[in-house]
Amino acid sequence: METQAPLLEVDNLRVEFNTLEGRIRAVDGISFNVQEGETLGLVGESGCGKSITAMSILRLITPPGRIAAGRILYRGRDLLKVSEPEIRKVRGKEIALIFQEPVAALNPVYTVGNQIAEAIRVHNKVSKKDALIEAVRLLRLVQIPDPERRVRDYPHQMSGGMCQRVMIAMSLSCKPSLLMADEPTTALDVTIQAEILDLLKRLKDEFRLSMLLISHNLGVIAGSADRVAVMYAGRIVEEAPVREIFASPKHPYTIGLLRSVPRLGGRDRGVRRRLPAIPGNVPDPLSREPGCPFAPRCTEVMQVCRREEPQLLPLEGERKVSCFLHHPAVGEGKAVAR
Amino acid sequence: MIGQENGNLLEVRGLKKYFPIRRGVFSRVSGHVRAVDGVDLALRRGETLGLVGESGSGKTTTGRCILRLLEPTEGSVVFDGVNLLGLSPKEMRKMRRELQVIFQDPYSSLNPRMRVGSIVGEPLIIHKIAKGSEREHRVADLLCKVGLDPSAMKRYPHEFSGGQRQRIGIARALALRPKLIICDEPVSALDVSVQAQVVNLLMDLQEEFSLTYLFIAHDLSVVEHISDRVAVMYLGKIVEVAEAEVLYRNPQHPYTKALLSAVPVPDPTAKSERIALKGDLPSPAAPPPGCAFHPRCPVAVEVCSRVVPRLLDSGGGHLASCHLVHPDSSGAPP
């Protein structure tokens, strides 16, 4: 897998927002890649920069935000350097994005069929009639019952789960290579969530898609991702194959996050136990202290953590972690044995 | 004094809330949305009863009807031996000292123009409990109890994070030393790591003030963690009630089984044994005949489409309303 060039390579991406109170680094120098056919799960809590990362890949960041540094290589081409008409060809055709709120992402005054047909016609020279026929086929593909009739429905006539299926149909309309799904099931009920996740998995195999799956839900990530990158305060703190990260998390934040989730069926003998919560709050992006951003909440914090910023460095296998516990600081006299 | 003899703090019987659907120029009532359609619940003193269900199942409406923030269409709500639905508005206002609520959205449930001190202290003014420095003292004490610094009093809600705001909402609910707190999705808007902090806080406060909680949520793992017993709602009705452990280990109703099987497990090695459900939640304006779940039920039989099953005990306080669990559940109530 390593020998093949990745489909998408994000290199040292930095996104800043200029606000009245000062400059915020929403994404602070992150690097990762998505291989052909794999699903990379991007997990983190609100405000950690997951969605901004996805938006940056399609250059959808608008002022006061701006991409301050980095490279986004898609099939070897830097998307940050291409012209506006060229990036428009990438959006939807090469890389598609689906959002958290399917009802809000659809236009309420057009039928879903017209919206899918429009997406097709932006990138392909087909008649409106043919585009509508294609829309019906896509609706059937995402398992909407009675697609010939539903193609004429308006979004408000559909449930949240149905709208998300429409969004998925639309995102597949131009046969993209990379699908970015930003919290695709967060607004949905659990039974519907499970259906949508199954659908995404099936379509991914069928169309040999690569996927960037963004979620705060560790259960969703565990069930769908091949590899996981954990974000905290604009940085990737850990990256590993999905089984390894859940079996033996390395970064104290990942460890804390996994522990703080209550498990279904996790009670024994009727005892209610306290959840091992991570103390404190996410740091204020405006007043950032030097050192590791997790240091103020970390239970294993050392002196060096408050002084220097750890880098995301390789560990054994395909794993990477950004923590001085695993990579003693360069020049640090006493390396901590662990 | 129905409630006191058997140790129940709250007893809800046959609670219904129908919202009229109005049409046309004369706003003629053309139908009803049966948001809550005959709910029976009992809360023992000091316990946490989890109420779970998907959106539109009527969990929140049930909570609001108990507090009479919405006027129920039918039924009785007996709190500490008093039927709340028989109280005058004035009497009800007094009673609200005993029943408080924590809302889901920590952003919209706090007045942005009021300082935290006023938000938490307002119930003390309304119920004429404390004034001046005594009130300030009480507010400071409440803020400490929920893990905030008393200096928070002087600040506005926007200066706090979601988790801290939810703590403010909890302090406000505690101000009157209530017996029952209805927690309506109190942690759904919070991040995982903060969610755990708030769940722990609620459990600590319950012990300290011997509170009783009705914990409404859609997250099944959180509900399992915090609840002593859990009730599952579907389309305005309770379909199953059991001790938390029993419900999760041995669910009886097909809906509960499907719901539990759909929860994504944070373990990539876990095999998915999901029970697929057909279709979407039917409209509560036109619920299906018989068992409301039968059109989606993977194991429905002929009787399910004709007869409404009753919620019956299958032993040890494990209640389920399903013809397959209780083949005799079609008969008239005793």
Here chain A gives, from Cα atoms, an Rg and Dmax in Å of 21.4, 72
Given q = 0.11, 0.12, 0.13 Å⁻¹, what are the Debye log10 I(q)/I(0) values for chain B, with equal point scatterers placed on the Cα positions and solvent ignored?
-0.77, -0.90, -1.04
Extent of region A:210-272 along each principal axis, from alpha carbon coordinates, in Å, largest to smallest?
42, 24, 19
For the residue pair A:Asn124 and A:Asp78, what label-to-label distance in nm results when each label sits 7 Å from Cα along the Cα-to-beta-carbon direction?
3.4 nm
Net charge near A:Asp153: determine it from the other residues with C-beta under 15 Å of the C-beta of A:Asp153, scoring Lys and Arg +1 and Asp and Glu -1.
+2
Taking R0 as 30 Å, what FRET efficiency do you get between B:Ser27 and A:Tyr110 from their Cβ-Cβ distance, rounded to the nearest 0.05?
0.45
Evaluate peptide A:179-191: per residue, the Cβ atoms of other protein chains within 10 Å of its Cβ; return the mean as an integer.
3
With axes computed from alpha carbons, what is the tilt in degrees of helix A:128-141 against the longest principal axis of chain A, rounded to the nearest 10 within 0 to 90?
50 degrees
Positive-end residue of B:Pro157, A:Pro296, A:Leu139, charge dipole of the protein assembly as shown with Cβ unit charges
B:Pro157
5 Å binning of all Cα-Cα separations within region A:39-102, expressed as whole percents from 0 upward
3, 14, 25, 27, 19, 9, 2
Label-to-label distance, nm, for residues given as B:Asn250 and A:Glu289 (7 Å Cα→Cβ offset):
5.1 nm
Sorted largest first, the Cα spans of the protein assembly as shown on the principal axes come out in Å as 76, 66, 51
Once Lys and Arg are counted +1 and Asp and Glu -1 for all other residues with Cβ under 10 Å from that of B:Val36, the total becomes +4
Could you work out the local net charge near A:Ser224, counting Lys and Arg as +1, Asp and Glu as -1, over the other residues with Cβ closer than 14 Å to its Cβ?
-2
Spelling it out for A:Met231: with amide H atoms placed in the peptide plane at 1.01 Å from N, the residues 5 or more places away or on another chain with amide H under 5 Å from its amide H are A:Val43, A:Gly44, A:Val237
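Compute, for chain B, the length of the dipole vector about the Cα centre, with Cβ point charges of +1 (Lys, Arg) and -1 (Asp, Glu) only. Units Debye, rounded to 20.
1380 debye
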Can you give the Rg and Dmax of region B:173-296 based on its C-alpha atoms, in angstrom?
16.6, 48
Any chance you could give the angle, 0 to 90 degrees and rounded to 10, that helix A:160-172 forms with the longest Cα principal axis of chain A?
80 degrees
Expected output is a single nm value to one decimal: the length gained when fully extending between A:Glu318 and A:Thr186, i.e. 0.36 nm times separation in residues minus the C-alpha distance. What is it?
44.6 nm
With a cut-off of at most 11 other beta carbons within 10 Å, and DSSP calling the residue loop, which GluC sites (Glu not before Pro) in region B:213-273 qualify? Please list them.
B:Glu273
Treating only the Cβ of Lys, Arg, Asp and Glu as charged (+1, +1, -1, -1), what charge dipole size does region A:108-171 show about its Cα centre? Round to the nearest 20 debye.
120 debye
Here the alpha-carbon Rg of region A:108-171 over 2.2 N^0.38 Å rounds to 0.99
Under the Karplus curve 6.51 cos²θ - 1.76 cosθ + 1.60, θ = phi - 60°, whole-Hz ³J(HN,Hα) for region A:208-224, x wherever Gly or Pro sits:
6, 7, 9, 9, 10, 9, 9, 7, 9, 8, 5, x, 4, 4, 4, x, 10
Report the calculated FRET efficiency for B:Phe19 and B:Thr269 (r = Cβ-Cβ distance, R0 = 60 Å), to the nearest 0.05.
0.85
Approximate spin-label separation B:Ser133-A:Arg88, in nm, with each point projected 7 Å along Cα-to-Cβ
7.1 nm
Can you give the FRET efficiency to the nearest 0.05 for B:Glu98 and B:Ser188, using r as the Cβ-Cβ distance and R₀ = 35 Å?
0.85
Computed ³J(HN,Hα) along region B:35-51: with the Karplus parameters 6.51/-1.76/1.60, θ = phi - 60°, integer Hz and x for glycine or proline, the list is 5, 10, 10, x, 9, 10, 9, 9, 10, 7, 4, x, 9, 10, 9, x, 10
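Taking trypsin sites (Lys or Arg not before Pro) as exposed when DSSP calls them loop (any state but H, G, I, E, B) and at most 11 other Cβ atoms lie within 10 Å, what is the longest stretch of chain B free of them, the sites themselves excluded?
Formally, the longest exposed-site-free interval is B:132-270.
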Non-local amide H neighbours of B:Leu51 (under 5 Å, H modeled in plane, Pro and chain starts lacking H): which ones?
B:Phe215, B:Ile216, B:Ala217, B:Ala231
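Suppose a student asked you for the relative contact order of chain A, using Cα pairs under 8 Å spaced at least 6 residues apart; what percent would you report?
This gives 19 percent for chain A.
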Would you please name the trypsin sites (Lys or Arg not before Pro) within region A:66-167 that are DSSP coil residues with at most 16 other C-beta atoms within 10 Å of their C-beta?
A:Arg75, A:Lys81, A:Lys125, A:Arg152
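Any read-out appearing in this document is the output of simple, stated calculations on the displayed coordinates, not a laboratory observation. For clarity, every value in this text was computed on a predicted model and none was experimentally measured. FYI the Cβ positions are ideal-geometry reconstructions off the backbone, even for glycines, and counts take in every protein chain you see.
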